[in-house]
């Protein structure tokens, strides 16, 4: 008999922990476990058929995210969303999977609209010529993927494009929002909130953003980036009213 490698057991435990964490986190963010709900380690063990150590680790992560708190002689208490770490990519993913998806997405895009235009303005002032050349090439690849209808490539390039603009702002606080924005873009795709065909205007605006940065035109690039995000907000309002899929790729 071939002995299993020690890391196989660790990998299995990690996978089980991730699965339970995902189910509990999603349930909290969807309101299935509302604020004030009480869980015990015994509850978590029996419900998910896991060991005490996996249950403890799952609860520890929920507490680190501000989703729950452990109280002596009470148990694990679910906290209101005012206590959650709303910038955690996993919480973003769970909230975008909830019935309140459109409202959550609108709030996140409003955050992007407050940050990304200014990041683009700073990039126009601070990026090197070589960095701008790379950004223009990235915008070209993004355009091509959109024109060809390659959704997978478009998503990867869109994530890279917006992360690159944040990085070129030379503002470390802005740059650290890259994972948050990536999760927003990925979650939209996962939940079918993107169309089968890209919006030509949106594609052109991404190219125009790179061009305005190249010209060092901070005001123009600020307005262009803001127009991309304002269009998205308008579309989300339409979804809320009609329940239709989002009509363009941003």
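Values quoted throughout were computed directly from the atomic coordinates according to the rules given, and no laboratory measurement underlies them. Worth saying up front: this structure is predicted, and the values here are computed from it rather than measured. Reconstructed Cβ throughout: ideal geometry from the backbone, glycine too, with neighbour counts over all protein chains shown.
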Only one of 140, 146 is surrounded by fewer than 18 Cβ atoms within 10 Å (Cβ to Cβ), in a helix (DSSP H, G or I) and touching a residue at least 24 places away in the same chain (Cβ under 8 Å). Can you tell me which? 140
Of (1) without any contact (Cβ under 8 Å) to a residue 60 or more places away in the chain; (2) surrounded by 14 or more Cβ atoms within 10 Å (Cβ to Cβ), residue 93 fails just (1)
Scan the helices (runs of 4 or more DSSP H) fully inside segment 157-230 and keep the ones with 3 or more residues being under 19 Å from the mean Cα position of the chain (by Cα). 172-175, 178-190
